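Have a look at the structure below, then the notes.
The values are calculated or read from the model by the stated rules, or taken from the named source; none is laboratory data. None of the values given here were measured: they were computed from a predicted structure. No Cβ is skipped: glycine too gets one built from the backbone with ideal geometry, and neighbour counts run over all protein chains shown. Note: accessible area is taken over every heavy atom of the protein model, side chains too, but ligands, DNA and RNA are not part of it. Shrake-Rupley method; radii C 1.70, N 1.55, O 1.52, S 1.80 Å.
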Amino acid sequence: GCFLFCGQEPFVADEYIERLAWRTPGGGSRGGEAFDPKRLLEEFVNHIQELQVMDERIQRKVEKLEQQCQKEAKEFAKKVQELQKSNQVAFQHFQELDEHISYVATKVCHLGDQLEGVNTPRQRAVEAQKLMKYFNEFLDGELKSDVFTNSEKIKEAADIIQKLHLIAQELPFDRFSEVKSKIASKYHDLECQLIQEFTSAQRRGEISRMREVAAVLLHFKGYSHCVDVYIKQCQEGAFLRNDVFEDAAILCQRVNKQVGEIFSNPETVLAKLIQNIFEVKLQGYVKDQLEEHRKSDAEQYLKNLYDLYTRTTNLSSKLMEFNLGTDKQTFLSKLIKSIFISYLENYIEVEIGYLKSRSAMILQRYYDSKNHQKRSIGTGGIQDLKERLRQRTNLPLGPSIDTHGETFLSQEVVVNLLQETKQAFERCHRLSDPSDLPKNAFRIFSMLVEFLCTEHIDYALETGLAGIPSSDSKNANLYFLDVVHQANTIFHLFDKQFNDHLMPLISSSPKLSECLQKKKDIIEQMEVKLDMGIDTLNCMIGQMKHILAAEQKKTDFKPEDENNVLIQYTNACVKVCGYVRKQVEKIRNSMDGKNVDTVLMELGVRFHRLIYEHLQQYSYSCMGGMLAICDVAEYRKCAKDFKIALVLQLFDTLHALCNLLVVAPDNLKQVCSGEQLANLDKNILHSFVQLRVDYRSARLARHFS
């Protein structure tokens, strides 16, 4: 085992035995010595005896220490018991002392109450005696006391006269009329002196003196006059710049920091200052700015009204930071309303009147610049327009008129009208009562519809429709597509303003559905008129007919010298394709969305029909048939520009049909049963075969039969 021995290092038995054997002669641990077991055994026995003696000695010492420890433990326990008894006695004495202190304290409080009960009446009696003394001086008519004659004791004099004034009010008038008059006079004089002292202190910037005087005046009737003086002097030199609103904000900021150091009710004083600024300074300023233009210049009047109202509400927002009492929001709203109520009551009527006259002037100025006298347009509704579209009859402007390339649509006019309406919407949002806002916004929107959509876009569409030339016109200028292009661009701007400026004003009101319906009716009406403009396609087809009639010769497809023909497309084909490509590009630029595909499909189908019928007017030799195939191949390339699958398919079929003009008679049946021609009516196939110059030969007729 391993243990501590007498405070030395840990005891290890093996090491101990080893050391003992090493020290013993003959133990065999040192080199060169002979091993002597007897001697080693003897040494071990002796050492064991020594250890036993040592163990007995240590055991006796341990027993002695244990006895001593038990004795000391008993003595310590006894001492702890004695200390506990002493502690209990001390605690008992402490309780007795605490009870005694409580008893004494109760007696002291009772004595204090008795002293106060005696002292208070005494003080009152002393004070009453002093007041009677001062009252006697007023009765005698001569004020001798130092408090009345020494100007430095004005504070004490004010306190006395204020109390005497209250007492005098309770006295009968017939017996004390003279003294009551003297006291009232002195009361008034002191009040004036205090207000004068406050005024002087304010001019000197002595805040502490102002606070003292204000505290004295608080109990006087003239306290409100003291506040009025403060408010008046605060504003002296405060409004020297052009910006009265900024001056007012700076003044209130400065007073807000100061007023709490002077008055006991700072929020009331600050509120009174703000009320004075609004009702005097701002109201006068607003009246001067608005009355000047109210009847003479509606535009400037509306701009000023919007600007002044905005700046006033911004000032109000800044003032909300200050403590003005309980309901400062209502307080400031009432002040703003008191200034602007007479102007806001009829605001929307002024707005609509101005917008109407301004919009009419913008339009009239534009038409005057074009030397154009507006014609009256049809007033029929959507159904009337649809009926005219169905019948393709009389346009409301009567017979076709020449617009000389003028679309009667102006980007500048549109921007001006939208800008005026945008400003009107902004003013409406700011100046309308929340309950009237949707209704007022709808009235402004109606003005925009009337002048932009009806008087400008709709008029231009009607004029454009009337300017569409007849299909047999030789020089067809298709300006209607320019009208469509500009109208489309303008309507996108109109739609953007609808979403950006009108929707936020009506989004949560019943007027929303009314506005959306009105917008839907406008769009539908314009689309109907654009559909009526499909007559433009007739003009395009008519123009192509003129080109073909003028440029296509019968000898193109039946040349006199079959061996001297350069295989390429004809001059008529080149000109028609050039014309068609221009029109396709024009249509793409003029329209957007599905309208482009719809119009191009219609034009493509008509273009195919024209070429199909045109090709059937001629008879074809072998080389002529090759030329016809080249022409159709070029027409087919042109058809790809349409990017309409049906149109390309029609020209693919036409190209296949033209192969019947050149194929060898023996192969006719095989070609006719090919993929592109197999589903066609046999009469159509026959009609193309008949165009061959060799059709009458018995061999060809036999092969096709």
Any chance E50 is part of a helix (DSSP H, G or I), over 27 Å from A13 (Cα atoms) and either free of Cβ contacts under 8 Å to residues at least 60 places away in the same chain or open to solvent by 90 Å² or more (accessible area, probe 1.4 Å) (or both): no
Please go through the stretch 581-600 and pick out each residue that is within 30 Å of K554 (Cα to Cα) and free of Cβ contacts under 8 Å to residues at least 60 places away in the same chain. K582, V584
Is it the case that G542 is open to solvent by less than 40 Å² (accessible area, probe 1.4 Å) and modelled with pLDDT under 90? yes
Please verify whether Q49 is within 30 Å of L20 (Cα to Cα), polar (S, T, N, Q) and over 60 Å from the mean Cα position of the chain (by Cα), treating the condition exactly as stated. yes
Applying the selection to the stretch 670-683, what residues are surrounded by 15 or more Cβ atoms within 10 Å (Cβ to Cβ) and out of contact with any Ser or Thr (no Cβ under 6 Å at 6 or more places or on another chain)? V671, C672, L677
Can you run down the residue pairs with Cβ atoms below 7 Å, 6 or more apart or on separate chains, where the first is in the stretch 442-467 and part of a helix (DSSP H, G or I) and the partner is of a type in the set (K, R) and open to solvent by 10 Å² or more (accessible area, probe 1.4 Å)? F442/K511; M447/K356; V449/K518; Y459/K374
Mind listing whichever residues of the stretch 209-223 are open to solvent by 70 Å² or more (accessible area, probe 1.4 Å) and in a helix (DSSP H, G or I)? R211, E212
Can you tell me which residues in the stretch 224-242 are out of contact with any Leu (no Cβ under 9 Å at 6 or more places or on another chain) and not in a helix (DSSP H, G or I)? E236, G237, L240, R241, N242
I'd like the residue in the stretch 271-328 that is polar (S, T, N, Q) and surrounded by 18 or more Cβ atoms within 10 Å (Cβ to Cβ) and, out of all such residues, is farthest from the chain's Cα centre (by Cα). N304
Yes/no for N667 being open to solvent by 20 Å² or more (accessible area, probe 1.4 Å), at pLDDT 85 or above and out of contact with any strand residue (DSSP E or B) (no Cβ under 8 Å at 6 or more places or on another chain): no
